[in-house]
Amino acid sequence: MSSASKMPRIQRFSSRSDLFPRLVAMQKLVDAQNFAVYRVGAVGAGKQRILLELDNLGAPRAADAFVDAYGDALIEHLDKSLLPLLWNGIDESSTAETADMVSFTVRLRPKVLPYSGVAFPVRLGAVGNGYVVFTANYLDLSSGLIVELHGRSCQIMMDLLALDEKRSPAAEALSDREIACLQLAGDGRISEEIAERLKLSVHTVNAYLGSATIKLDSVNRIQAIAKAIRLGFII
C-alpha cells in the first residue's frame with residue numbers, strides 16, 4: 001500500500017488555526033521544511049497580486065521574497081493551467097524533482113531563491129484562488145504524492161474560503177476609522193504617521209488597528225491589511 005493511500009481522510013474544521021496541523025502533516029509527507037498559503041487578491045484597476053494567508057516560513061521577508069520572485073508568473077499560470085509548479089533553488093543541491101510527473105508539471109524560472117519548492121494551484125471561481133506552497137532544499141515528489149497533495153491543497157483553500165464567508169458579517173462591522181487606519185497602514189505608514197494624518201493619538205490609532213484585526217479574524221496587522229484588501233475595504 002502506498003504512503004498516499006494510508007493518509008487519513010480530510011476533515012473540515014471551523015477555525016483557521018485548525019488548518020495548520022493539516023498543512024504541517026502535508027509538509028512532513030514530502031519532507032519539506034516550510035509551507036505557505038497564498039491567495040490571489042485584487043488591488044484595484046483590475047490588477048491582482050499574491051497575498052500571504054498562512055505560513056510557517058519563519059523569516060519575515062521570506063514570503064515577500066517568494067512573491068517578488070514568482071508572483072506575476074503565479075497569477076499568469078493560474079489563469080490558464082492547474083498543473084503544479086516546481087522550481088530549483090540557487091545551489092546545485094537545491095532541487096525539486098518528479099521523475100514520473102514531468103509532463104504534468106510546469107517549471108518556474110530556476111535559481112532565484114535559496115530553496116526549491118512546489119506550488120499547487122487552486123481555482124475556486126471569482127474568489128478563493130491561490131496556491132499552497134511547500135519549500136525545502138531537496139524535494140523528490142512521486143506522482144502519488146503530487147496527486148495527494150494537490151487534492152489536499154484544494155480542500156485547504158475551500159475550507160479557508162468557507163471560514164472567510166462565515167466571518168463576513170463581522171468584517172462588515174468595520175468602522176470608517178478602522179478602515180482609514182488600515183488603508184494608511186497598508187500604504188506603509190506607521191502608527192505615529194497615521195495619528196498625525198487623522199489627528200488622533202497613537203494609542204487611539206493602535207486601538208482602531210487592533211479592533212480591525214480582531215474583526216477580520218487575523219493574527220496580526222499585516223494579515224488584517226491583506227484581508228481588508230481582498231474583501232474590498234481598502235485598495
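The values are calculated or read from the model by the stated rules, or taken from the named source; none is laboratory data. Not measured: the values here are computed from a predicted model. Here the Cβ positions follow ideal geometry from the backbone for every residue, glycine too, while neighbour counts run over all protein chains shown.
If ALA207 satisfies all but one of (1) aliphatic (A, V, I, L, M); (2) in a helix (DSSP H, G or I); (3) within 20 Å of the chain's Cα centre (by Cα), what's the number of the condition it fails?
The failed condition is (3).
Got a sec? Which of GLY125, GLY151 is in the same structural domain as ALA99 (by TED's automatic domain parsing), at positive phi and small (Gly, Ala, Ser)?
GLY125 is the lone residue from the list that is in the same structural domain as ALA99 (by TED's automatic domain parsing), at positive phi and small (Gly, Ala, Ser).
Please work out which one of (1) outside any loop (DSSP other than H, G, I, E, B); (2) among the acidic types (Asp, Glu); (3) more than 15 Å from VAL133 (Cβ to Cβ); (4) modelled with pLDDT under 90 is the condition GLU92 fails and give its number.
Unmet for GLU92, out of (1) outside any loop (DSSP other than H, G, I, E, B); (2) among the acidic types (Asp, Glu); (3) more than 15 Å from VAL133 (Cβ to Cβ); (4) modelled with pLDDT under 90: (1).
Per-residue answers, yes or no, for (1) touching a helix residue (DSSP H, G or I) at 6+ places or on another chain (Cβ under 6 Å); (2) not in a loop (DSSP other than H, G, I, E, B):
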site: ALA96; (1), (2): no, yes
site: ALA99; (1), (2): no, no
site: GLY117; (1), (2): no, yes
site: GLY128; (1), (2): yes, no
site: ILE146; (1), (2): no, yes
site: ASP159; (1), (2): no, yes
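Please give the number of the condition ILE179 fails out of (1) surrounded by fewer than 19 Cβ atoms within 10 Å (Cβ to Cβ); (2) at pLDDT 90 or above; (3) assigned by TED's automatic domain parsing to the domain that holds ASP79.
Unmet condition: (3).
Within region 122-135, identify whether any single residue is at pLDDT 90 or above, touching an Asp or Glu at 6+ places or on another chain (Cβ under 8 Å) and surrounded by fewer than 14 Cβ atoms within 10 Å (Cβ to Cβ), and answer yes or no.
No: region 122-135 contains no residue that is at pLDDT 90 or above, touching an Asp or Glu at 6+ places or on another chain (Cβ under 8 Å) and surrounded by fewer than 14 Cβ atoms within 10 Å (Cβ to Cβ).
Based on what the data block shows, is VAL219 out of contact with any strand residue (DSSP E or B) (no Cβ under 7 Å at 6 or more places or on another chain), under 30 Å from LEU29 (Cα atoms) and not in a helix (DSSP H, G or I)?
So VAL219 passes the test.
Can you confirm whether region 69-81 contains a residue that is in a loop (DSSP other than H, G, I, E, B) and surrounded by fewer than 14 Cβ atoms within 10 Å (Cβ to Cβ)?
The answer is yes, given that some residue of region 69-81 is in a loop (DSSP other than H, G, I, E, B) and surrounded by fewer than 14 Cβ atoms within 10 Å (Cβ to Cβ).
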